[in-house]
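Worksheet: one structure, shown below.
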Amino acid sequence: MNYFDVKDKVVIITGASSGIGRGLSEVFAKAGSKVVLVNRNKEQGAITEKELKEFTPNVVSIPADVSDRNAVKEMCKKAVEHFGRIDVLINAAGIIIRKLSTDMTDEDWNNQIDTNLKGCFNCCVEAAPYMMEQRSGKIINIASNAAIRVGIHTPAAYSATKAGILQMSRTMGIEYIRHNINVNVIGPGFFETNMNVDFRTKHVDEYAMVKKQIPQGRAGDVIKDLGGVSIFLASDACSHMVGQMIYVDGGNTVGDGRSDIPEGRMAAS
C-alpha cells in the first residue's frame, strides 16, 4: 500500500494563482489529484487552469473571495458538484503589508485579518461538513514561522494572523478528528514568492541579511521544499497527526543562521 498516494483525491487550494498556492497546485496536479483552484481573480484563475491542464485534465478554477463566507460556501458547493467530494483543503491564500505597527491603518489591519485569518476560517468551516458527511478529510493550513518567530521585517498584523491560524488549527484539529478529519499546519519561512518580490528587489542588502540568518543559507523553493510535506499531510500517512505545525524554514526557527562560517568551525567565544 502506498500511504503517500494522493491520486484522484479532490484537493481545493486557495490562493492558487500565485505564490505558495500556485506551486502546490502544480505539485498536486502532477501527482494526479483533482485540483480546484480558488482565487479572487477570475482571469488569472483561468490562465492557471490552462497551464495545469498540461499535467492533468482534472483541474478547474472556481473564483471566490475567501474573506466572503457566502462566496466560500458557493465555491465548496461548486467543487462538489464538479468532482463529487472534497478530500483535501489547502488554505494558502494570504497577503502581507510591510509596515510598522504605528504606520498601519485600520484598512491595512483589516485586509490582512480578513484574507489570512478569516479567509482560512471560512474555508475550513464550509469544507468541513462535506468531509464530515464522508467521514474523511485533510485540512492543511499554511501559516508561517512568523507565528512564533518575528523580526524587524515581520508586520504585526501578519504575524497575528499566522499565530491565529496555528491556534485555530489546533482547536479545529481536536474538534474535527472525531469525524476522521485531520487538521494540520505548515509553517514556511522565507520563500521567494511574489508576496515578497518588492522586498527582495528594493531592499537587496536587507534581503541578503535575511538569507544569512537562515542556517541553510537560502530561501525556500515552493515546489521542491513544500511539495513533499504537503503531499504527506494530504495523504493517509498522516492519519494520526492532529493540530501539528511543521516548520519548513531551513532551520530558521531552530536558531540564528551560521551559513557564513566554514563547515566544522565555530566562531571564537
(message) Can you give me the long-range amide H partners of VAL183? Hydrogens built in the peptide plane at 1.01 Å from N, cutoff under 5 Å, separation of 5 or more residues or another chain.
(response) ILE139, GLY243
(request) Give me the number: length gained by fully extending ASN70 to VAL254, i.e. 0.36 nm times residue separation minus the C-alpha to C-alpha distance, one decimal in nm. (result) 62.2 nm
(request) Please work out the C-alpha center-to-center distance from the stretch 45-81 to the stretch 1-40 and express it in whole Å. (result) 11 Å
(request) Please give the FRET efficiency for TYR3 paired with LYS99, using the beta carbon to beta carbon distance and R0 = 30 Å, rounded to the nearest 0.05. (result) 0.10
(request) Quick one: which residues, 5 or more positions from GLY220 or on another chain, have an amide H under 5 Å from its amide H? H modelled 1.01 Å from N in the peptide plane, none for Pro or chain starts. (result) PHE190, PHE191, GLU192
(message) Using the Karplus curve 6.51 cos²θ - 1.76 cosθ + 1.60 with θ = phi - 60°, what ³J(HN,Hα) values do you get for each residue of the stretch 76-90, in whole Hz, with x for Gly and Pro?
(response) 4, 4, 5, 4, 5, 4, 7, 10, x, 6, 10, 9, 9, 10, 10
(message) Give me the dipole magnitude in Debye, nearest 20, for the stretch 69-203 about the Cα centre, with unit charges on the beta carbon: positive for Lys and Arg, negative for Asp and Glu.
(response) 340 debye
(request) Report, as a whole number in µm² per second, the diffusion coefficient that Stokes-Einstein gives for the stretch 1-100 at 37 °C and 0.692 mPa s using the Kirkwood radius over alpha carbon pairs. (result) 242 µm²/s
(request) Report, to two decimal places, the Cα Rg of the stretch 35-77 normalised by 2.2 N^0.38 Å (N = number of residues). (result) 1.16
(message) Restricting to Cα pairs below 8 Å that are 6+ residues apart, what does the relative contact order work out to for the chain? Please round to a whole percent.
(response) 19 percent
(message) Would you work out the Kirkwood radius for the chain? I mean one over the mean of 1/r across all pairs of different Cα atoms, in Å.
(response) 18.9 Å
(request) Would you please state the base-10 log of I(q)/I(0) at q = 0.12, 0.19 1/Å for the stretch 105-249, with intensities from the Debye formula using one equal scatterer on every alpha carbon? (result) -0.54, -1.17
(request) Count the net charge of all other residues whose Cβ sits under 15 Å from the Cβ of ALA71, scoring Lys and Arg as +1 and Asp and Glu as -1. (result) +2
(request) Using amide H atoms built 1.01 Å from N in the peptide plane, name the residues 5+ places from SER61, or on other chains, whose amide H lies under 5 Å from its own. (result) LEU37
(request) Pull out the extension gain between ARG178 and ASP106, defined as 0.36 nm times the separation in residues minus the alpha carbon to alpha carbon distance; nm, one decimal. (result) 22.1 nm
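We did not get these values from a lab; they are worked out from the coordinates using the rules stated. Keep in mind that this is a model prediction, so the values were computed, not measured. Here the Cβ is made from the backbone with ideal geometry for all residues, glycine too, and neighbour counts use every protein chain on show.
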